[in-house]
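The block underneath contains the structure these notes are about, expressed in structure tokens.
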Amino acid sequence: KETMMKKVSYGDILKATNWLSPVNKISSSHTSSIYIGRFEFDTDLVAIKIFHLDELGSLNSFLMECEVLRNTRHRNLMKAVTLCSTVSLENDEFKAIIFDFMANGSLDMWVHPKLHKNSPKGGLSLDQRIRIAVDVACALDYMHNQLTPPLIHCDLKPANVLLDYDMTARVSDFGSAKFLSSGIASSSEGFVSVGGTIGYIPPGEFIFSISFIITSEF
């Protein structure tokens, strides 16, 4: 049975993020920025992903994330608390998705601590590495083999793997994901329009392998 999402206004988001304060900003990309915040009507911290709708591809990224969130349900995928589609005080189009705040940040913060100011102290134990790798593998199995049509993430990397308070890994950021049509998997031409990390993975980025489990910094 589906539960109704809470309604969140533009004003609620301004208050939750201290009027989009740079102090509240967790990360930023070409298409969106993510802020940490807390709504007046709730006690839990949330992550608020605000889309830069003046940038090319940002609206498509928002629509794709909504489509993925609407059609998926798995413990190792991020799920939305609610979303906001309205206009700002300047009467500009405004779209945001609100997620649960992931207390232990991204996997990238743990494996590349020197690149992050607020990276966690200490490294990952071997047991934690194995459990994270299994969590990501379960998410991929669900997307590729259990969904109809299959879902391809297209930008899977440590920065897009978030860790909950108990270090459960959740794959996030589906803005460049693609649902494959029934005939696409058997046709090489079907992947021509699929971007992201399909066909090429930057060295050092994709570390869900034995080398990540064994040789990453402790």
Length gained, R131-S9, 0.36 nm per residue minus C-alpha separation, equals 40.2 nm
For region 12-148, the dipole about the Cα centre with charges only on Cβ (Lys and Arg +1, Asp and Glu -1), to the nearest 20 debye, works out at 580 debye
Projected onto the charge dipole of region 1-112 (unit charges on the beta-carbon of Lys, Arg, Asp and Glu, signs +1, +1, -1, -1), the Cα from L56, V46, S21 with the largest positive-side position is that of V46
Placing each pseudo-label 7 Å from Cα in the direction of the beta carbon, A103 and D42 end up separated by a distance in nanometres of 1.6 nm
Among M143, I132, L107, the residue whose Cα sits farthest towards the positive end of the charge dipole of region 105-168, when +1 is placed on the Cβ of each Lys and Arg and -1 on the Cβ of each Asp and Glu, is L107
Counting only protein heavy atoms and rolling a 1.4 Å probe, one gets per residue an accessible area for region 1-141 in Å² of 60 Å²
Per residue convex hull volume, Cα only, region 19-85, in Å³ is 118 Å³
Under a 1.4 Å probe, counting only protein heavy atoms, T43 has an accessible area in Å², nearest 10, of 110 Å²
Under the 7 Å Cα-to-Cβ spin-label approximation, H116 and T86 lie apart by a distance in nanometres of 3.1 nm
The percentage of Cα-Cα pairs in region 8-152 separated by more than 24 Å is 42 percent
Taking protein heavy atoms only, a 1.4 Å probe, and rounding to whole percent, the accessible area of region 46-96 owed to carbon and sulfur comes out at 49 percent
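The values are calculated or read from the model by the stated rules, or taken from the named source; none is laboratory data. Remember, predicted model here, so these are calculated numbers, not experimental data. Glycine also receives a Cβ, built like all others from the backbone with ideal geometry; neighbour counts cover every protein chain displayed. Note: accessible area is taken over every heavy atom of the protein model, side chains too, but ligands, DNA and RNA are not part of it. Shrake-Rupley method; radii C 1.70, N 1.55, O 1.52, S 1.80 Å.
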